[in-house]
Amino acid sequence: MGILLYGNPSIEIDFDDRALTHLQIVITAKLRRRESFVFSWTDSPGAGSGRSSIWVDPSSTLYYRFYGSRIPSINRVWIERLMASANSGGGLYFTPEPPEGRS
C-alpha cells in the first residue's frame, strides 16, 4: 500500500503501489506542462466512504511513498484513461485498472 501525501501539513491518501505509480505518471505529466487540475477519488470504507477531491497545481507539495521497492509494469490503457480524465473539465478521477489491451 502506497501513500500520496498532499500539502503541508500533509493529507495522506492511500493507494496500492501499482495505482500510485500510474497516478504519479499522469500527475507528473500534467504538472510538467504547468497545468492545474482537480484530482478526485472514492474513499475506502476505512476512510468513511464517500468521495474526496484536491486541487493540484505546480506549487502543490506532493510526496509519493511506495512500500514496495520494485516499479510495477505500466498498463498503457490505464495511463490513457487516467490522462483523458485529467484533461477533461471534471479533472482527474481515479478509476480501477482496466484489463490491458482494452481501451
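General remarks:
- Residue within segment 80-97 that is of a type outside the set (S, T, N, Q) and in contact with a His (Cβ under 7 Å, 6 or more places away or on another chain) present: yes
- Count of residues meeting criterion [in contact with a Pro (Cβ under 9 Å, 6 or more places away or on another chain) and of a type in the set (Val, Ile, Thr)] in segment 1-52: 1
- Within segment 78-96, residues that are under 13 Å from Leu23 (Cβ atoms) have Cβ atoms under 9 Å from residues that are acidic (Asp, Glu) and surrounded by fewer than 17 Cβ atoms within 10 Å (Cβ to Cβ) in these pairs: Trp78/Glu97; Trp78/Glu100; Ala86/Glu35, counting only partners at least 6 apart in sequence or on another chain.
Condition check ((1) of a type in the set (Phe, Trp, Tyr); (2) modelled with pLDDT of 95 or more; (3) surrounded by 16 or more Cβ atoms within 10 Å (Cβ to Cβ)) across all residues:
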residue	(1), (2), (3)
Gly2	no, no, yes
Tyr6	yes, no, yes
Ser10	no, no, no
Leu20	no, yes, yes
Leu23	no, yes, yes
Ile27	no, yes, yes
Arg32	no, yes, no
Ser40	no, yes, no
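- Asp14 out of contact with any Phe, Trp or Tyr (no Cβ under 7 Å at 6 or more places or on another chain) and in contact (Cβ under 8 Å) with a residue 12 or more places away in the chain: yes
- Under the condition of being under 12 Å from the mean Cα position of the chain (by Cα), of a type in the set (A, V, I, L, M) and exposed (fewer than 14 other Cβ atoms within 10 Å of the Cβ), the residues counted in segment 64-103 number 0.
The values are calculated or read from the model by the stated rules, or taken from the named source; none is laboratory data. Quick caveat: nothing in here was measured; it's all calculated off a predicted structure. Cβ coordinates were reconstructed from backbone atoms using ideal geometry, including for glycine residues, and neighbour counts include every protein chain displayed.
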